[in-house]
Structure formats: C-alpha cells, structure tokens
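Okay, structure first, notes after.
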Amino acid sequence: MGCVNEFHSGKAFILQPPPFLIEMSKVKVLGISGSPRGGRNTGKLLEAALSAAKEAGAEVEALSLAGLKILPCIGCNTCVKERRCPQDEEDDMGLVKEKLEAADAIVFAAPSYFGGVPGVMKSMMDRSRSLKMDGHRLRDKVASALSLAGLRYGGAEQVAESLARFGLMHGMIVVGGVGDPVSGGYFGIASLQADEGWRRAQADAVAVKNAEGVGKRVVEVARALRGSS
C-alpha cells in the first residue's frame, strides 16, 4: 500500500494511507523448517522466531518440509526455457512456491548436516529456481535464517550463511537481528551441546533470544518496506 500523489495549484502533496488501512493488512511472515524431522529442535527454534513476529503484529505461518514430497532438481533447464518446473505437478513443491510468493518475509531454518542443509531443504532451494527464472518472483521479500547443530562447532553458522546466500540470489533483502550489540547475534544459531551434556534447542537461551530478534526484525523491515512503496 503506497502513497498517493495529488497536485493542487502546481504543488504536489503526498497522502499517506490511513493507519487503520495499514493495520488491516498485516505483514505475513512464513517460517520454513528444512529439517526432515518435524516438531523437534529446528521447529522449536523457528517457533520462537514466529512467536516474536506475531507479538510484533505479523500474521505468521510455519511450514515444515518434513513429510512433504519434494523431488530433487534433475537439471532439465525447463525453468530457464519455459519459466516453470515440470516436477511441480508430481510433488508438493507447487504448494511451497505458493506460500513463498504469498509471504512478505520468510525465515528459513535448518539443522547442520555435515555443515550443509539437509537434503529436503536443498531440494526446495534448487527447485525454487523457476521463481528466479520467472522474473525474480521472490525479489524484495525480507529473509533471515536460523540454524542449529549437535556440536557447538558443528557447522550451524555455515548453514545459516548458506540460507542467507540463497535469499540474496533470489533478490531478497536479508536481515539479521539487532539486539544487544555485545551479547546478541544476527541469526538464531543453536547448539545442542551444552557446557555439560546435551540439551534441546529451546534450552539454548542465547539462541532463543537471537531467534526472537530475527522474528521481530523481519517484521520491522517488511513493514518499513511496505510503508515506503
């Protein structure tokens, strides 16, 4: 919802939409969990981000790729030639694409599998190529990343950076949290390895706080972009 320009006596006036109209159209935040196991550590970390986004006034939705049928890209290049993926008719990727396009902001979350994203997340990323080939259909959407690893230095940060690069290659606006500059991180990155023993992602207080910061930030930036359009 953008501004309206009106001209009176040779002068231009910029009319902002009434606040109640902006409120009626909430920012939509989509969270995608790229773990093949639904409702566990990755899902809990994503839940923290989406709860914060909802508290900030957004409409939120969580989408778990666990249980969805997403075939790997076969490199046929139909997306380059015809701006479509023929496999969308054979699996659930068409649904995923619809949700990606409908969102104003997207939080990608994935665990570290040998320092990379799990297969189902990689298939989703590769198969989104048709959206890029069809005029950068995800351009200007706000994006951020969450990740976790079993070990404290188990590749989670590399995974988050991979998700951020994915967003950048789609022309998305990648942002990080802006919490405490001394103790806060820009992405929500959890470790299941504690000082003693093991824990769930939701028990990593620093990671949860950073994930909440991600949720708030994507709403803030998406709202600002909407107001300036």
> Can you tell me which residue in region 209-229 is farthest from Ser147 (Cα to Cα), limited to those that are surrounded by fewer than 24 Cβ atoms within 10 Å (Cβ to Cβ) and among the basic types (Lys, Arg)?
Replying inline: Arg226
> Which one of Gly94, Gly154 is surrounded by 13 or more Cβ atoms within 10 Å (Cβ to Cβ), assigned to a loop (DSSP other than H, G, I, E, B) and either touching a Lys or Arg at 6+ places or on another chain (Cβ under 8 Å) or not hydroxyl-bearing (Ser, Thr, Tyr) (or both)?
Replying inline: Gly154
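Take Arg223 and tell me if it is of a type in the set (Lys, Arg) and closer than 22 Å to Cys73 by Cα.
Details: of a type in the set (Lys, Arg): yes; closer than 22 Å to Cys73 by Cα: no.
Spelling it out, it is not the case that Arg223 is of a type in the set (Lys, Arg) and closer than 22 Å to Cys73 by Cα.
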> When both residues are 6+ apart or on different chains and their Cβ atoms are under 7 Å apart, which pairs have a first residue that lies in region 180-195 and is within 22 Å of Arg40 (Cβ to Cβ) and in a loop (DSSP other than H, G, I, E, B), and a second that is aliphatic (A, V, I, L, M) and modelled with pLDDT of 95 or more?
Replying inline: Phe187/Ala145; Phe187/Leu146; Phe187/Ala160; Phe187/Val214; Leu192/Leu148; Leu192/Ala201
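When you scan region 29-84, how many residues do you find that are over 17 Å from Ser144 (Cα atoms) and part of a loop (DSSP other than H, G, I, E, B)?
Here the count works out to 21.
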> Which members of region 173-199 meet the condition of being modelled with pLDDT of 95 or more, surrounded by fewer than 14 Cβ atoms within 10 Å (Cβ to Cβ) and of a type outside the set (A, V, I, L, M)?
Replying inline: Gly197, Trp198
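Just need a number here: residues in region 97-112 that are without any contact (Cβ under 8 Å) to a residue 40 or more places away in the chain and either within 17 Å of Gly43 (Cα to Cα) or under 12 Å from the mean Cα position of the chain (by Cα) (or both). I'd like the intermediate steps shown before the answer.
The initial filter retains those residues of region 97-112 that are without any contact (Cβ under 8 Å) to a residue 40 or more places away in the chain, namely 97-98, 101.
With the extra rule that they be either within 17 Å of Gly43 (Cα to Cα) or under 12 Å from the mean Cα position of the chain (by Cα) (or both), the set shrinks to 101.
Counting residues in region 97-112 that are without any contact (Cβ under 8 Å) to a residue 40 or more places away in the chain and either within 17 Å of Gly43 (Cα to Cα) or under 12 Å from the mean Cα position of the chain (by Cα) (or both) gives 1.
The values are calculated or read from the model by the stated rules, or taken from the named source; none is laboratory data. The structure displayed is predicted, hence computed values, not measured ones. Cβ coordinates were reconstructed from backbone atoms using ideal geometry, including for glycine residues, and neighbour counts include every protein chain displayed.
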